[in-house]
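What follows is calculated from the coordinates using simple rules that are stated; it is not laboratory data. Keep in mind that this is a model prediction, so the values were computed, not measured. FYI the Cβ positions are ideal-geometry reconstructions off the backbone, even for glycines, and counts take in every protein chain you see.
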Amino acid sequence: MSDMLSEKRKIKSAKKMRDIMTTYYLDAMTAGQHNKQVAWITSGGPVEPLVTMDIIPIYPENHGAMIGASKMGEDLCIKAEDMGYSSDLCSYARADISCSIVKGGPIGGLPKPDMLICCNNICGTVLKWYEVQARYYKVPLFILDTPVCHTRYSPEIARYVRTQIDEYIAFLETMTKRKFDYDKMAQVGRLAYEAQQLWQKVLNTTAHKPSPMSAFDAFFFLALIVTLRGTQIAVDFYKELLEEMEQRIQTGISMVPDEKYRLLWDNLPVWYRLKWLSQKFSDHNACLVADTYTSAWCGAIKYTDENNFLDSMAEAYTMIYLNIGVDQMADQVLDMIKFYDADGFVMHSNRSCKPYSFGQMDIMRIVREKTNIPVLMIEADMVDPRSFSQSQIETRIDAFMEIIKNRKITRNN
């Protein structure tokens, strides 16, 4: 009986997304045979110009997540350390750098790039990481610099970043020996905007009680808004996923059986322990209904003009979650706690991702002061399992959930 219920809760769109991603990687692996070029690009970088120029974008960070989920992170990180890279470096970077050498990982390494595109709106590590890979593969590297907007997006920042967008386009024209198609760019921009809107609507369905999916599912379905943003494929897929979520709500299918508690997650996933964490919270009748990570790929909607996408790109790609001030980040967290009616806040203090983790103590303080909900801090790493202590984290989760349960009992009485 439990197996039947478990099967019923499975999200049917998962198979289609796996098929889409398999085709995507096969296309990239055989790009040279079809006279196509491959560009490695950071996850927060502006991909739409690449789509416009028919260049296949590949994301080393996505590959890092795959390495973590496949439980291959430890061996590849150790290999990088043997090469001389510090264990304090980002585990995505370590795994990706060593993967290039040994052609390892779940898909046997990434296809060789013709160029690298690095946007530092997510962190500073990517600059050196992409310089290392540009030297290794002996290919050109374009760097798009987005200053951190601690308080606001100033006119000076706007001019600075917008100028670089033009330089980026000129770089792509040089690399492809073709003129940039601005009409096609406008269409790609509209598709990117539509996909982001659909992805936000998918995430919004978890405001329903009980939630039709969890943040652990969102971590999986995020892949297309990153890799195929600006394509009809992403738009069509998220329309279908949204329909499935709405159908699950109508028929009363929840991801967590007997959902009683709703939680918000902060920071990247612990890729190699997703199943364990999901089950651990589910055993407490708790569902992680939302997270700050997957919602970051639709946060730029409010800065985007779908009818003038190219000119609005500078602000949209500068004002992302990791490139704003801690107070602004906290405001977004508070909005999510209210919208999803979260009973608790789980923060992953991620040893690898410094920009995501450094401000967490301040955000924790603000959340406690303004919402009074319990906050749990888990210390781990997104890819390297050597930083994960199951017994310690299990004890913390049990104590955290006990606090939430007692608060609910007290309120109900």
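Taking the simple approach of a point 7 Å from Cα along Cα-to-Cβ for both Asp331 and Thr176, what is their distance in nm?
Spacing of the two 7 Å Cα→Cβ label points: 3.7 nm.
Given the options Gln200, Gln328, Gln392, state which has the largest fluctuation in a GNM of the chain using a 10 Å cut-off (strictly under) for Cα springs.
Maximum fluctuation in the GNM of the chain, among the listed residues, is at Gln392.
If you project the alpha carbons of the chain onto the principal axes, what extent comes out on each, in Å, largest first?
The Cα atoms of the chain stretch 71, 50, 46 Å along their principal axes.
Using only alpha carbon pairs under 8 Å that are at least six residues apart, calculate the relative contact order of the stretch 151-256 and give it in whole percent.
The value is 31 percent.
Going down the list Lys10/Lys36; Lys138/Lys184; Lys10/Lys71; Lys71/Lys128; Lys16/Lys405, which pairs span over 27 Å between their C-alpha atoms?
In this structure, Lys10/Lys36; Lys138/Lys184; Lys16/Lys405 exceed 27 Å between Cα atoms.
State the extension gain, in nm to one decimal, for the chain segment bounded by Lys302 and Arg407, taking 0.36 nm per residue of separation less the distance between their alpha-carbons.
Answer, rounded to one decimal: 34.2 nm.
Going by average Cβ neighbours within 10 Å, how do the peptides 255-266, 70-81 rank, with the highest at the top?
By packing density, highest mean first, the sequence is 255-266, 70-81.
Across 5 Å bins from 0, what is the distribution of all Cα-Cα pair distances for the stretch 248-289, in whole percents?
Cα pair-distance distribution for the stretch 248-289, in percent: 6, 22, 28, 23, 15, 6, 2.
Can you order the peptides 230-239, 93-102 by their average number of other Cβ atoms within 10 Å per residue, highest first?
93-102, 230-239
Under 10 Å, Cα contacts only: if you run a Gaussian network model on the chain, which one of Lys177, Lys36, Lys112 comes out with the highest mean-square fluctuation?
It is Lys177.
Which is farthest toward the positive dipole end of the stretch 10-412 among Asn120, Met255, Ala39, measuring Cα position about the Cα centre, with Cβ charges +1 (Lys, Arg) and -1 (Asp, Glu)?
Of the listed residues, the answer is Met255.
Highest mean first, what order results for 355-365, 155-165 on Cβ atoms within 10 Å?
Averaged packing, sorted descending, gives the order 355-365, 155-165.
Counting only C-alpha contacts under 8 Å and six or more residues apart, can you give the relative contact order of the chain as a whole percent?
The value is 18 percent.
Taking the Cα-to-Cβ direction at Thr30 and at Asp166 and moving 7 Å from each Cα, how far apart do the two end points lie in nm?
With each label placed 7 Å out from Cα toward Cβ, I get 4.1 nm.
Taking 7 Å along the Cα-to-C-beta vector as the label spot, tell me the Gln390-Asn372 distance in nanometres, rounded to one decimal.
3.8
Whose amide H sits under 5 Å from the amide H of Leu144, counting only residues 5 or more places off or on another chain, with H placed in the peptide plane?
For Leu144, whose amide H was placed from the backbone, the distant partners under 5 Å are Cys118, Cys119, Asn120.
If one computes the Cα centroid of the stretch 262-319 and of the stretch 63-127, what distance in Å separates the two points?
The stretch 262-319 and the stretch 63-127 have Cα centres separated by 22 Å.
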